[in-house]
Amino acid sequence: MVLSRARSFTIYGSGEHMPLLSDFQALRVIMIEDNHKLENRYLDDIGRFFQLKLLGPQGVSISKLPDQIGELQQLEILELRWTKIKELPKGIVRLKRLRFLYVNTVTLFGGIGNMKALEELRYVKVDNTIPTSYLDDLGSLTELRYLGMEWLVKDTSRDQKSYADSFVSCIDRLCKSKFRYLNIGCDAESGMSLDFLSETWSPPPCLLENFVTRSGYYFPKIPGWVALLSNVTLLDINIRQAGEEVVRVLGCLPSLLSLCLYTTEVVPGETLLICSSGFQCLEEFEFYSWNVTMGPLVFEADAMPKLVKFVFRLVARCAVSPCRDFYVGIQQIPSLKYLLVDIDCRGATDEEVETIEAGIRGATDLISDQLRIDISKLWMDQMIKDEDGGSVVEGSEHGDREGQAESSVKTVMDLHFTKFLV
């Protein structure tokens, strides 16, 4: 094979006989994945590939990009996630045709307003080390559709309001163009929060189609602007205390197809009644609460008429299995095809996990055979060991919350891969 004529170079793993980039002359695509031996100098000569459209060193050990990156004037996709890169070279802003930039939460950088072709940017962090003018520059990107951001401005900062106002202004300007997808998180354990969005967001982001909150932050109550999201199709939100008002607001969103609701508790004395008049378009519903045994969640007949998938979580160490009436209520959802019960095994004993699993299986024997029911045990590696010292089989979380937000990366690459080789 004549490497000098190759237009695409894709390699997986840390093989010892990896070709040097100097062996190639006409590459349009470079994909290097899961290579934990890759050194920074491997990309030193990257600037000579003037026809390169996709550069994807992901899951590799490099910690910086060469300054030559700015010479890749045809580059459209730059995939840098799962690397050790914490800062991008200044030349990155010279990539005038770059449409998709995926990084590991690097600090929002100056000059980003020059990258006029950007359509997706994930993930950048905003903290007190950058001027608010960087947010102003970000708001000028008229082609931007998707933004993933980590908010790291402490609530106690003297200039917190200035940053918050700049963020709101940035999103407002973006929404006036093509911006539709916002994925935002914060380090709640270190004194950061999104409380500045919990009361008012003026003007509200009415045109958003996807809104996702990540990390351990919970809105104290459902923000008033959520009721104005008439175009939202995917909503992933954490609300500290869920009650009838939450169900009412979410149920009235006319375009909502997928809902993931995290809560720490249900308002005392209230029932989360899913009535037949709400959630008319919803197809997927995920409900997670650390302290709810699902008793307060009640489905009316013909509730959620288009729901296909329902996922909920039980905490083994403090919950009992929902009563059969709960599952009978689920059976009244006319289009439901898939029920997934996640059991959070953290801090639980084998006996507690087995008891709650048996309770679930016993209750679901009343449900129609046409409904697929799966039980998934999560975080089994964090269970309490038996007194006899027996080991526990490791498990992992079912479904990363960011999975939906991340899914477009592979789609983008699939769509463009063939075109880049032409």
* Got at least one residue in region 343-351 being open to solvent by 50 Å² or more (accessible area, probe 1.4 Å) and at pLDDT 80 or above? -> yes
* Give the residues of region 114-139 that are open to solvent by 30 Å² or more (accessible area, probe 1.4 Å) and not aromatic (Phe, Trp, Tyr), sorted by residue number. => Asn114, Lys116, Glu119, Lys125, Asn128, Thr129, Pro131, Thr132, Ser133, Asp136, Asp137
* Structure fact -> Output for Cβ contacts, cut-off 8 Å, separation at least six or different chains, first residue under 18 Å from Gln332 (Cα atoms) in region 358-369, second open to solvent by 20 Å² or more (accessible area, probe 1.4 Å) and at pLDDT 75 or above, reads Ile360/Ile375; Thr364/Ile373; Leu366/Gln331; Ile367/Gln331; Ile367/Ile373; Ser368/Gln331
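For Phe196, are the conditions met, namely being aromatic (Phe, Trp, Tyr) and either within 24 Å of Glu119 (Cα to Cα) or surrounded by fewer than 18 Cβ atoms within 10 Å (Cβ to Cβ) (or both)?
Numbers: aromatic (Phe, Trp, Tyr): yes; either within 24 Å of Glu119 (Cα to Cα) or surrounded by fewer than 18 Cβ atoms within 10 Å (Cβ to Cβ) (or both): no.
Here the answer is no, as Phe196 does not meet what is asked.
Would you call Leu98 hydrophobic (A, V, I, L, M, F, W, C), buried (at least 20 other Cβ atoms within 10 Å of the Cβ) and free of Cβ contacts under 8 Å to residues at least 24 places away in the same chain? Give the derivation first.
Numbers: hydrophobic (A, V, I, L, M, F, W, C): yes; buried (at least 20 other Cβ atoms within 10 Å of the Cβ): yes; free of Cβ contacts under 8 Å to residues at least 24 places away in the same chain: yes.
Yes.
If I go through region 68-91 residue by residue, how many of them are more than 24 Å from His36 (Cβ to Cβ) and surrounded by 15 or more Cβ atoms within 10 Å (Cβ to Cβ)? Talk me through it step by step, then tell me what you get.
Initial filter on region 68-91 (more than 24 Å from His36 (Cβ to Cβ)): 70-76, 90-91.
Next cut, surrounded by 15 or more Cβ atoms within 10 Å (Cβ to Cβ) only: 70-72, 74-76, 91.
Looking only at that region, the number is 7.
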* Take the residues of region 283-303 that are modelled with pLDDT of 85 or more and touching a strand residue (DSSP E or B) at 6+ places or on another chain (Cβ under 6 Å): which is most open to solvent (accessible area, probe 1.4 Å)? -> Glu284
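Looking for whichever is open to solvent by 20 Å² or more (accessible area, probe 1.4 Å), of a type outside the set (S, T, N, Q) and in a loop (DSSP other than H, G, I, E, B) here; the options are Pro268, Pro205. Which one fits? Show your work before the answer.
Numbers: Pro205 fails: open to solvent by 20 Å² or more (accessible area, probe 1.4 Å).
Only one candidate passes the filter, namely Pro268.
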* Keeping to region 215-234, report how many residues are part of a strand (DSSP E or B) and within 20 Å of Ser202 (Cβ to Cβ). => 1
* Asked: For Ile184, which of the numbered conditions (1) open to solvent by 40 Å² or more (accessible area, probe 1.4 Å); (2) closer than 20 Å to Pro220 by Cα fails to hold?
  -> (1)
* Asked: Out of (1) crowded, with 17+ Cβ neighbours inside 10 Å; (2) within 25 Å of Met192 (Cβ to Cβ), what's the single condition that is false for Leu54?
  -> (2)
* To do: Identify, by number, the condition in (1) surrounded by fewer than 18 Cβ atoms within 10 Å (Cβ to Cβ); (2) touching a residue at least 40 places away in the same chain (Cβ under 8 Å) that Glu39 doesn't meet.
  => (2)
* When Arg317 is evaluated against the numbered criteria (1) at pLDDT 85 or above; (2) touching an Asp or Glu at 6+ places or on another chain (Cβ under 7 Å); (3) open to solvent by 60 Å² or more (accessible area, probe 1.4 Å); (4) not acidic (Asp, Glu), which criterion, by number, is the only one it fails? -> (1)
* Whichever residue in region 146-163 is touching a strand residue (DSSP E or B) at 6+ places or on another chain (Cβ under 9 Å) and part of a helix (DSSP H, G or I) and, among such residues, is surrounded by the most Cβ atoms within 10 Å (Cβ to Cβ) -> Tyr163
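How about region 117-144: which of its residues are assigned to a loop (DSSP other than H, G, I, E, B) and closer than 19 Å to Ser177 by Cα?
Initially, region 117-144 is screened for residues assigned to a loop (DSSP other than H, G, I, E, B), giving 117-119, 127-132, 139-144.
Across region 117-144, the qualifying residues are Ala117, Leu118, Glu119, Gly139, Ser140, Leu141, Thr142, Glu143, Leu144.
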* Structure fact -> Flagged in region 360-372 as open to solvent by less than 30 Å² (accessible area, probe 1.4 Å) and over 17 Å from Val308 (Cβ atoms), in numbering order, are Ile360, Gly362, Ala363, Thr364
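Within region 375-382, identify whether any single residue is in a loop (DSSP other than H, G, I, E, B), farther than 29 Å from Tyr217 by Cβ and at pLDDT 90 or above, and answer yes or no. Show your work before the answer.
Taking region 375-382 as the starting set, the residues that turn out to be in a loop (DSSP other than H, G, I, E, B) are 379.
Filter once more, keeping what is farther than 29 Å from Tyr217 by Cβ: none.
Taking every residue of region 375-382 in turn, none turns out to be in a loop (DSSP other than H, G, I, E, B), farther than 29 Å from Tyr217 by Cβ and at pLDDT 90 or above.
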* Determine whether Phe196 is part of a helix (DSSP H, G or I), at pLDDT below 95 and under 21 Å from Val232 (Cβ atoms). => yes
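The values are calculated or read from the model by the stated rules, or taken from the named source; none is laboratory data. Please read these numbers as outputs of a predicted model, since none were measured by experiment. Neighbour counts are summed over all protein chains in view; Cβ atoms, including those assigned to glycine, are modelled from backbone coordinates with ideal geometry. Protein only, heavy atoms only, side chains kept; ligands, DNA and RNA dropped before computing areas. Shrake-Rupley method; radii C 1.70, N 1.55, O 1.52, S 1.80 Å.
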